[in-house]
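Chemist: Could you have a look at this structure, given as structure tokens, before my questions?
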Amino acid sequence: MTMHTVDCEGVDVRYADHLDGGGSDFGRAYVPFVASRFGKVPRLLEWCCGPAFIGFSLLGADLCERLELCDVNEEAVNVARATVAANGLGDRVSVFHSDCFDTVPADRKWDLIVGNPPHMNVTTAPAEHVEVFRRIKPELVYADKDWEIHRRFYDQVGDRLTPGGSVLLQECWAASDPEVFRPMITAAGLEIAGTFPCEPPHDLFYFLWVRPAA
């Protein structure tokens, strides 16, 4: 595995190309958006973190006091832990190898949960689109069959938010519309607080802001 390093707001983030689902590119849109909408939060989680470009960028930009990361891919988790060690962040960052929240301690709650999850429902997406991604990335990076990953996340995430906490996921206009997710969000006792296109050149993507229903 060929490893690279990229500067994310002062944090030297380790990664390999096949683990990067776009966080090193359009994931950078998080920093100005979180700064303008949320400001600095005490506890932040990056779900489906991969190498954790987003989480480390938000920590480096001083937009959270404590950062926690989780991913189902053990290889990505090990790379994120290498970044923690290389930057001396062990007192501020924890990394969990977990399928959704299965092995994250039950007492962990966050003020803001961010993430760049798999964007493509491979059951309904055009076969040619799926094939393009299959040639360049592992399925873990792009595939969410029948939106099962999103559905499970929204079903569990309400219990993981502090009072007033929010979820802010980055999605792709070419693969989904916010209305695709509304039924699963509503069924979990949550609500869509807003949908925001990312600024150019990342406007193929949008932020979906979700919070507990009022």
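Chemist: Please list the non-local residues whose amide H lies under 5 Å from the amide H of Cys64, H modeled 1.01 Å from N, same-chain partners needing a gap of 5 or more.
Modeler: Val41
Chemist: Out of all DSSP beta bridges in the chain, what portion is antiparallel? Express it as a percent rounded to 5. Display every interim value, and only then the final one.
Modeler: Values: 18 of 39 bridges.
DSSP beta bridges in the chain are roughly 45 percent antiparallel.
Chemist: I would also like to ask the following. Hey, what did the chain get for relative contact order, percent, Cα under 8 Å, at least 6 apart?
Modeler: Numbers: 409 pairs, mean separation 38.1, N = 214.
Once divided by the residue count of the chain, the mean separation gives 18 percent.
Chemist: Sequence gap at least 6, Cα distance under 8 Å: using those rules, report the relative contact order of the range 92-214 to the nearest whole percent.
Modeler: 27 percent
Chemist: Given the Cα-Cα distance of Asp203 and Asp62 and 0.36 nm per residue of separation, how much length would full extension add, in nm?
Modeler: Working it through step by step, the gained length comes to 48.3 nm.
Chemist: Another question, if that's okay. From largest accessible area down, sort Arg160, Arg182; use a 1.4 Å probe on the protein chains.
Modeler: Arg182, Arg160
Chemist: In addition: Not counting ligands, DNA or RNA, and with a 1.4 Å probe, what is Ile149's accessible surface area in Å² rounded to the nearest 10?
Modeler: My reading of the accessible area for Ile149 is about 60 Å².
Chemist: Related question: If you count only protein heavy atoms with a 1.4 Å probe, what accessible area per residue comes out for the chain, rounded to a whole Å²?
Modeler: Dividing the accessible area of the chain by its residue count gives 45 Å².
Chemist: Count the net charge of all other residues whose Cβ sits under 14 Å from the Cβ of Met3, scoring Lys and Arg as +1 and Asp and Glu as -1.
Modeler: Numbers: positive: Arg14, Arg81; negative: Asp12, Asp17, Asp20, Glu75.
Summing Lys and Arg as +1 and Asp and Glu as -1 gives -2.
Chemist: Still on this structure, please answer the following. Leaving out same-chain residues fewer than 8 places away, which lysines sit with a Cα under 17 Å from that of Lys109?
Modeler: The reachable lysines, counting only those whose Cα sits under 17 Å from Lys109, are Lys40.
Chemist: Each residue of the range 41-47 in order: what ³J(HN,Hα) in whole Hz does its phi give by Karplus 6.51 cos²θ - 1.76 cosθ + 1.60, θ = phi - 60°, with x for Gly and Pro?
Modeler: 10, x, 10, 10, 10, 9, 8
Chemist: Give the ranking of Tyr206, Tyr15 by solvent-accessible surface, highest area first, calculated with a 1.4 Å probe.
Modeler: Values: Tyr206 0, Tyr15 40 Å².
Per-residue accessible area, sorted high to low, gives Tyr15, Tyr206.
Chemist: Can you order the peptides 47-53, 112-118, 57-63 by their average number of other Cβ atoms within 10 Å per residue, highest first?
Modeler: Result, highest mean Cβ count within 10 Å first: 47-53, 112-118, 57-63.
Chemist: Around Val72, under 10 Å between beta carbons, what's the net of Lys plus Arg minus Asp minus Glu among the other residues?
Modeler: Numbers: positive: none; negative: Asp71, Glu74, Asp99, Asp102.
Once all neighbours under 10 Å are counted, the net charge is -4.
Chemist: What is the packing order of peptides 77-84, 6-13, taking the mean over residues of other C-beta atoms within 10 Å and listing the highest first?
Modeler: So the peptides 77-84, 6-13, ranked by packing, come out 77-84, 6-13.
Chemist: Further question on the same structure: Just the number, please: Stokes-Einstein D of the chain in µm²/s, Kirkwood Rh from C-alpha pairs, 10 °C, 1.306 mPa s.
Modeler: 93 µm²/s
Chemist: Label point 7 Å out from Arg108 along Cα-to-Cβ: which residues of the range 160-174 have amide N under 13 Å?
Modeler: 160-161
Chemist: Also, quick follow-up: Using modelled amide H (1.01 Å from N, peptide plane; none on Pro or chain starts), what sits under 5 Å from the amide H of Cys198, excluding residues fewer than 5 places away?
Modeler: Under 5 Å from the amide H of Cys198 lie the amide H atoms of Phe205, Tyr206, Phe207, each far enough along the sequence or on another chain.
Chemist: Counting only other residues whose beta carbon sits under 11 Å from that of Ser98, what net charge do I get with K and R as +1, D and E as -1?
Modeler: Cβ neighbours under 11 Å give a net charge of -4.
Chemist: Still on this structure, I have one more. Taking amide hydrogens as modeled 1.01 Å from N in the peptide plane, which residues meet the under 5 Å criterion relative to Trp110, leaving out close sequence neighbours?
Modeler: The answer is Leu161, Thr162.
Chemist: Report in % the part of the accessible area of the range 3-212 that belongs to carbon and sulfur, leaving out ligands and nucleic acids; probe 1.4 Å.
Modeler: Solvent-exposed carbon and sulfur of the range 3-212 make up 51 percent of the total.
Chemist: Stretch Asp7-Ser36 to full length: gain in nm at 0.36 nm per residue minus the Cα-Cα span? Show your work: numbers first, answer last.
Modeler: Values: separation 29, 0.36 × 29 = 10.44 nm, distance 2.18 nm.
Roughly 8.3 nm would be gained on extension.
Chemist: What ranking of His4, His150 comes out by heavy-atom accessible area, probe 1.4 Å, highest first?
Modeler: If we order His4, His150 from most to least accessible, we get His4, His150.
Chemist: Ok, one more. Output ³J(HN,Hα) for the range 5-20: one whole-Hz value per residue in order, computed from phi by the Karplus curve 6.51 cos²θ - 1.76 cosθ + 1.60 with θ = phi - 60°, and x for Gly and Pro.
Modeler: 9, 10, 7, 10, 6, x, 9, 7, 8, 7, 6, 10, 4, 6, 8, 8
Chemist: Let me ask another. Whole-Hz Karplus ³J(HN,Hα) for the range 165-171, in order, using 6.51 cos²θ - 1.76 cosθ + 1.60 and θ = phi - 60°, x for Gly and Pro?
Modeler: Along the range 165-171, the couplings run x, 9, 10, 9, 9, 9, 10 Hz.
Chemist: Which shape class, rounded, prolate or oblate, goes with the range 15-121 when its Cα gyration tensor gives a ≥ b ≥ c as root eigenvalues, a/c under 1.5 marks rounded, and past that a/b bigger than b/c marks prolate? Display every interim value, and only then the final one.
Modeler: Values: a/c = 1.27, a/b = 1.11, b/c = 1.14.
Rounded is the answer for the range 15-121, as its axis ratio a/c remains below 1.5.
Chemist: Another question, then. Does the range 64-117 classify as rounded, prolate or oblate by the C-alpha gyration tensor (a ≥ b ≥ c root eigenvalues; a/c under 1.5 gives rounded; else a/b over b/c gives prolate, otherwise oblate)?
Modeler: Because a/c hits 1.5 or more and a/b fails to exceed b/c, the range 64-117 counts as oblate.
The values are calculated or read from the model by the stated rules, or taken from the named source; none is laboratory data. If you're wondering where the values come from, they're calculated on a predicted model, not measured in any experiment. A quick note on method: Cβ atoms are made from the backbone with ideal geometry, for glycine too, and the neighbour counts reach across all protein chains shown. Side chains are part of the model used for accessible areas, which takes the heavy atoms of the whole protein and leaves out ligands, DNA and RNA. Shrake-Rupley method; radii C 1.70, N 1.55, O 1.52, S 1.80 Å.
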